[in-house]
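Beneath this line is the structure, given in structure tokens, with notes to follow.
The values are calculated or read from the model by the stated rules, or taken from the named source; none is laboratory data. Model, not experiment: these values are computed from the prediction. Cβ atoms come from the backbone with ideal geometry, glycine included; neighbour counts cover every protein chain shown. Keep in mind that these areas ignore ligands, DNA and RNA; they rest on the heavy atoms of the full protein, side chains included. Shrake-Rupley method; radii C 1.70, N 1.55, O 1.52, S 1.80 Å.
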Amino acid sequence: MPVIPRQFGRLPDHALVSCLCVTEGRSAFMPWLLWCFDRQTWPRRELVIVDSSEHPFGAGARDDIRVVALPPGTGIARKRNLALQAARGDVVAWFDDDDWQHPEKLACHVEALRDGMAYAGSLSAWFVDLAAARCARLNGAQGVTFNSAGFRREAVLPLTFREDVARASDSYWMREVVARHCGSAAVIARDDLFFWLSHEGNVSNPARKRRFSHHLARLRDRIGS
């Protein structure tokens with residue numbers, strides 16, 4: 001039998017978007033993360049940081065940031081599951097601490113999801129090696145890219161990241177999203193919603209494993225300086 005896409009209700013005009021970050025021992029990336037979050041044009045947003053560092057990040061007096069502290073060594077999948085549970089938004093988006101986020105990313109999510117879609121994102125993105133000033137474009141033949149996407153929280157809350165795998169739990173989770181909400185995805189026709197920073201501390205995309213085919217000027221032409 002064909003899968004009938006589930007339609008969700010219209011998003012509130014002032015929907016809250018939860019930006020979710022999981023981290024450990026990467027305090028150097030926190031200013032970058034906050035810079036990306038603070039520049040978002042969508043006004044109603046919160047940042048949830050699930051931090052298993054020995055000394056978790058302190059949000060100070062900010063009421064738009066919440067930190068969930070966990071023991072060092074807590075797995076990424078476990079932290080992602082807890083981040084979803086902690087989110088309060090109508091929409092959730094993953095804000096990895098070493099991704100660059102376009103200032104219009106959350107606004108694009110809300111617009112794409114407004115009339116009932118379960119999730120929305122782009123099919124392509126970029127890898128960047130800032131040290132070498134090089135970049136490479138990813139053409140996402142596999143569907144909506146996890147890091148680019150925004151999700152109805154009610155659509156993905158029943159799904160969990162696999163805590164029995166050490167890597168790529170996001171890939172398994174995204175397959176579950178696609179299977180559960182077949183036909184309920186909105187494609188955002190942009191390749192500049194985010195980019196991955198490729199560095200030696202990157203779990204999945206270290207610079208040594210990537211071939212960067214373009215000078216960084218090519219991406220700068222897309223997103224500005």
Yes or no: segment 169-177 includes at least one residue that is surrounded by 14 or more Cβ atoms within 10 Å (Cβ to Cβ), within 30 Å of Ala131 (Cβ to Cβ) and among the charged types (D, E, K, R).
yes
Spans of strands (runs of 3 or more DSSP E) in segment 126-193 with at least 2 residues in contact with a Cys (Cβ under 9 Å, 6 or more places away or on another chain)
none
Restricting the search to segment 68-89, which residues are within 21 Å of Asp38 (Cα to Cα) and buried (at least 19 other Cβ atoms within 10 Å of the Cβ)?
Ala83, Leu84, Ala87, Gly89
Return yes or no: is Trp126 out of contact with any Lys or Arg (no Cβ under 6 Å at 6 or more places or on another chain) and modelled with pLDDT of 90 or more?
no
Can you run down the residue pairs with Cβ atoms below 7 Å, 6 or more apart or on separate chains, where the first is in segment 24-41 and under 19 Å from Lys105 (Cα atoms) and the partner is open to solvent by 70 Å² or more (accessible area, probe 1.4 Å)?
Thr41/Glu104
Within the bounds of segment 146-157, is there any residue that is at pLDDT 90 or above, surrounded by 19 or more Cβ atoms within 10 Å (Cβ to Cβ) and over 14 Å from the mean Cα position of the chain (by Cα)?
yes
Trp94 is checked against (1) farther than 22 Å from His181 by Cα; (2) touching a Phe, Trp or Tyr at 6+ places or on another chain (Cβ under 9 Å); (3) open to solvent by less than 40 Å² (accessible area, probe 1.4 Å); (4) at pLDDT 95 or above and fails just one. What number does that condition carry?
(1)
Based on what the data block shows, is Asp64 within 30 Å of Gly183 (Cβ to Cβ) and either without any contact (Cβ under 8 Å) to a residue 60 or more places away in the chain or acidic (Asp, Glu) (or both)?
no
Pairs please, first residue from segment 176-194 and among the aromatic types (Phe, Trp, Tyr), second anywhere and part of a loop (DSSP other than H, G, I, E, B), Cβ atoms under 9 Å, 6+ apart in sequence or on different chains.
Phe194/Phe95; Phe194/Asp96; Phe194/His102; Phe194/Ser122; Phe194/Thr145
